[in-house]
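Notes follow once the structure below has been shown.
The values are calculated or read from the model by the stated rules, or taken from the named source; none is laboratory data. These figures come from a predicted structure and were not determined experimentally. Here the Cβ positions follow ideal geometry from the backbone for every residue, glycine too, while neighbour counts run over all protein chains shown. Ligands, DNA and RNA are excluded from the accessible area calculation, which covers all protein heavy atoms including side chains. Shrake-Rupley method; radii C 1.70, N 1.55, O 1.52, S 1.80 Å.
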Amino acid sequence: MQKNIDEIPDYPNIQKIKRGAVLFVNFGLALLLTFLIIRLGEFFYIAQKNEIPADYLTIARIALFYDVVFFLKISPFLFIPFVIIYFCTSAKRSQYYFFGITGTLVILTYALLVKYFVTAMVPLGSDLFGYSLQDISQTVSGNTSVDIFSASMLLVPLVIFWITLNLLYRGMPVKPAFAYLLLIAGSLIAYNGVSARPVDTAFESDFSYNLSLNKAAFFTENAYDYFSETRPVVQILAPQAAAPVLLPAERPYKYVNEEYPFLRTDETEDVLGSFFTFNALEKPNIVLIQVEGLGRAFSGKDAYLESFTPFLDELAEKGLYWENFLASQGRTFASLPSILGSLPFGDKGFNDLGERMPNSLSLMDILNHNGYYSKYYGGFEMEFDNQGLFMKKAGANLIVSADDYKSPFKKASNWGYADKDLMVKSIQTEAQTGQQPFFTFIETISMHTPYTVPNQAEYIRRFEERMKKLGFDAAKQQSYGSYKEIYSSIMYADDALRYFFDAYAKLPAFKNTIFVITGDHRLPEIPMVTKIDRYHVPLLVYSPMLKRSASFKSISSHLDITPSLIAMLKSNYNIQSPGQVSWVGSGLDTAARLRNIHQYPLKQNITSLNNFVAGLNFIDQGQLFTIGQNMNLEPRPDPAAFALVNA
């Protein structure tokens, strides 16, 4: 029997929630429109500064779709506080202002994340949470710039948001049924964990993928993965478990104690000694130079952006050169532990342990026990990333940092002193500290945001001359010109290295010194093509003692440097080194052809460990790729192969 309508219970609270939902969705149109305006501003800025990717139509289509997905996904979370206010006050004006203030905070956050992206060319994620407040302060002050775009990205969206919100306050175009549908859709998307990030295999390059991302969606989802500990975990494979078809045929490590999972016998072969003519009575000095941001993309033979390091190119022709070398990290935080100790990363990098860093077998510590004197030269404050503390624990006898520079040296940026000043300071100090044998580590900083170097106009001119020499047409010159400050800093850093070697050649120690040069990672502000591009750096070994030059296509990494240097000195000078080590790397490979006998993780930033290399296989965020010539990547949709590599 059908009930009389008057007998149906009235639920006033439900009715109020429904009315609040309709008001919220109508107000939400202003926020969605503002998201799209910010997206258009981002595209416009990128188009002014970069060559538009060939797949721009795909980028635009996918980007706009996921902007809407992100809006729907966050709507239920914004609706909860809004409906509480709706219940607390019946004044529509108060509800209007509450939504306006909430929307303003969301828009400011989104705009700042876009500003970070167009500056760094990589989206900001959970790596923000891996740094101390002091490190964040230094990074922000060193990278912040105020220009018309920065101001417009903050002001224009806010103005449009408030104008649109005011219009919607006066009239609501969205009907109740559609409003309920949108909120239900958003709730289902959020509840089922539907990602607002596209799949990167849909794009032609890593830059295209990063451009398509909604930067707020990337940040929030990346942060959620980090704090909920659901982020992908890449395990370090035991070499003896390798399958010959997919994984490298590396000689198995002999692990010696289950309580210490990295402890193994050191059986690193000496692959470097045969390239040198050694003085049996005099141990060689070693100078290792870590160049900030130095990537293979713009340095060396077959660089896909062409080479803007003419001096390093000349030096490579006289030395040993690894074309397909990998940094073990995507930022500087892990470079010292990786290069000097072949150390595991830990959760947020070895240095993040601070005073809790365990004792380890560093290159400097072993050399010190064999009569070497170890020195470090940098042009910045050593507190960043706990680098000073690591160098002390690693055995540096002398540390020269920003505190040791006096007049006439002047800081080039908030980060510290420019590379030429660093080289002058190191040469002056090297000339005064004549003790041999010695190990010297030099860490540069000029190829880092904000890319300001002394006499920059001259190096911009040299950059333009270099483009002409490389045969760039007018269109290509204009495209590269968008990054003239970055390329001028590359030319400057290369010139600083030329000065260093010219000056060092006049020192008595030069004839008995081995120089090792590599990048800490590839700078990201020039768009990258693949996920592995961030790690692709050169390795160059040069010395007056070299018998011949050689170039290698085989893959090695930072983690292999210390094992190979120690093996060389043990084989040729019988230096004392522990028979058991905890190194992650197994030594450099000097094969001329493309191959990889190694397997190790690559840590992109301080909070994420999503990348792994095993043989010619590369894993990124749960996807398998095959490594080809020049470190190109091809997707490999093979679940069985992925399971084996990722086992």
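Values computed for the structure shown
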{"item": "Options 491, 447, 467, 423: the member that is at pLDDT below 95, among the hydrophobic types (A, V, I, L, M, F, W, C) and surrounded by 16 or more Cβ atoms within 10 Å (Cβ to Cβ)", "result": "447"}
{"item": "Any hit, region 23-38, residues being loosely packed, with under 12 Cβ neighbours inside 10 Å, part of a helix (DSSP H, G or I) and either modelled with pLDDT of 90 or more or not small (Gly, Ala, Ser) (or both)", "result": "no"}
{"item": "Condition met for residue 436 (within 30 Å of residue 579 (Cβ to Cβ), over 29 Å from the mean Cα position of the chain (by Cα), open to solvent by 40 Å² or more (accessible area, probe 1.4 Å) and modelled with pLDDT under 95)", "result": "yes"}
{"item": "Residue 402 vs. criteria touching an Asp or Glu at 6+ places or on another chain (Cβ under 7 Å), free of Cβ contacts under 8 Å to residues at least 40 places away in the same chain and of a type outside the set (Phe, Trp, Tyr)", "result": "yes"}
{"item": "Positions within region 44-53 being surrounded by fewer than 15 Cβ atoms within 10 Å (Cβ to Cβ) and more than 18 Å from residue 529 (Cα to Cα), in sequence order", "result": "44, 48"}
{"item": "Residues being open to solvent by 10 Å² or more (accessible area, probe 1.4 Å) and more than 18 Å from residue 333 (Cα to Cα) - total across region 373-395", "result": "2"}
{"item": "Residue within region 382-402 that is on the phi < 0 side of the Ramachandran plot, at pLDDT below 95 and among the aromatic types (Phe, Trp, Tyr) present", "result": "yes"}
{"item": "Lone unmet requirement of (1) over 22 Å from residue 50 (Cβ atoms); (2) in contact with a Gly (Cβ under 9 Å, 6 or more places away or on another chain); (3) open to solvent by less than 30 Å² (accessible area, probe 1.4 Å); (4) not charged (D, E, K, R) for residue 496", "result": "(2)"}
{"item": "Scan of region 267-279 for residues that are of a type in the set (Ser, Thr, Tyr) and either buried (at least 23 other Cβ atoms within 10 Å of the Cβ) or more than 15 Å from residue 319 (Cα to Cα) (or both), ordered by number", "result": "268"}
{"item": "Residue in region 280-301 that is open to solvent by 70 Å² or more (accessible area, probe 1.4 Å), in a loop (DSSP other than H, G, I, E, B), farther than 28 Å from residue 375 by Cα and not aromatic (Phe, Trp, Tyr) present", "result": "yes"}
{"item": "Residues satisfying the stated conditions in region 54-103, i.e. open to solvent by 70 Å² or more (accessible area, probe 1.4 Å) and within 41 Å of the chain's Cα centre (by Cα)", "result": "54, 56, 57, 61, 64, 65, 77, 80, 97, 101"}
{"item": "Options 379, 371, 388: the member that is small (Gly, Ala, Ser) and either closer than 16 Å to residue 578 by Cα or in contact with an Asp or Glu (Cβ under 6 Å, 6 or more places away or on another chain) (or both)", "result": "371"}
{"item": "Flag for residue 407 being out of contact with any Pro (no Cβ under 7 Å at 6 or more places or on another chain) and either under 21 Å from residue 391 (Cβ atoms) or modelled with pLDDT under 90 (or both)", "result": "yes"}
{"item": "Residue selected from region 383-396 under the condition touching a strand residue (DSSP E or B) at 6+ places or on another chain (Cβ under 7 Å) and among the aliphatic types (A, V, I, L, M), by the criterion nearest to residue 446 (Cα to Cα)", "result": "391"}
{"item": "Top-ranked residue in region 141-180 [being open to solvent by 80 Å² or more (accessible area, probe 1.4 Å) and among the β-branched types (Val, Ile, Thr); ranked as modelled with the lowest pLDDT]", "result": "144"}
{"item": "Verdict on residue 374 being more than 20 Å from the chain's Cα centre (by Cα), touching a residue at least 12 places away in the same chain (Cβ under 8 Å), closer than 25 Å to residue 421 by Cα and not in a helix (DSSP H, G or I)", "result": "yes"}
{"item": "Qualifying residue in region 507-521 (condition: touching a residue at least 60 places away in the same chain (Cβ under 8 Å), polar (S, T, N, Q) and surrounded by fewer than 21 Cβ atoms within 10 Å (Cβ to Cβ))", "result": "yes"}
{"item": "Residue match in region 568-577 (condition: crowded, with 19+ Cβ neighbours inside 10 Å, at pLDDT 95 or above and either of a type outside the set (A, V, I, L, M, F, W, C) or in a helix (DSSP H, G or I) (or both))", "result": "yes"}
{"item": "In region 309-323, the residues that are out of contact with any strand residue (DSSP E or B) (no Cβ under 7 Å at 6 or more places or on another chain) and either β-branched (Val, Ile, Thr) or surrounded by 24 or more Cβ atoms within 10 Å (Cβ to Cβ) (or both)", "result": "309"}
{"item": "First in region 55-70 and in contact (Cβ under 8 Å) with a residue 40 or more places away in the chain, second anywhere and open to solvent by 80 Å² or more (accessible area, probe 1.4 Å), Cβ under 7 Å, 6 or more apart", "result": "55/204"}
{"item": "Residue 151 vs. criteria under 30 Å from residue 380 (Cβ atoms), free of Cβ contacts under 8 Å to residues at least 60 places away in the same chain and among the aliphatic types (A, V, I, L, M)", "result": "yes"}
{"item": "Some residue of region 582-591 being in contact with a Gly (Cβ under 6 Å, 6 or more places away or on another chain), open to solvent by less than 10 Å² (accessible area, probe 1.4 Å) and within 19 Å of residue 551 (Cα to Cα)", "result": "no"}
{"item": "Within region 197-239, considering residues that are at pLDDT below 75 and open to solvent by less than 30 Å² (accessible area, probe 1.4 Å), the one nearest to residue 601 (Cα to Cα)", "result": "234"}
{"item": "Close pairs (8 angstrom Cβ cut-off, 6 or more residues apart or separate chains): touching a residue at least 40 places away in the same chain (Cβ under 8 Å) in region 169-192, charged (D, E, K, R) and open to solvent by 40 Å² or more (accessible area, probe 1.4 Å) anywhere", "result": "169/92; 176/18; 180/18"}
{"item": "Pair list, Cβ under 7 Å, 6 or more apart: region 216-228 residue within 20 Å of residue 106 (Cα to Cα) and without any contact (Cβ under 8 Å) to a residue 60 or more places away in the chain, other residue of a type outside the set (A, V, I, L, M, F, W, C) and open to solvent by 30 Å² or more (accessible area, probe 1.4 Å)", "result": "221/195; 221/197"}
{"item": "Positions within region 402-416 being of a type outside the set (Asp, Glu) and either exposed (fewer than 15 other Cβ atoms within 10 Å of the Cβ) or over 22 Å from the mean Cα position of the chain (by Cα) (or both), in sequence order", "result": "402, 405, 406, 407, 408, 409, 410, 411, 412"}
{"item": "Residues satisfying the stated conditions in region 611-624, i.e. under 16 Å from residue 598 (Cα atoms) and either crowded, with 21+ Cβ neighbours inside 10 Å or not aliphatic (A, V, I, L, M) (or both)", "result": "611, 612, 613, 614, 615, 617, 618, 619"}
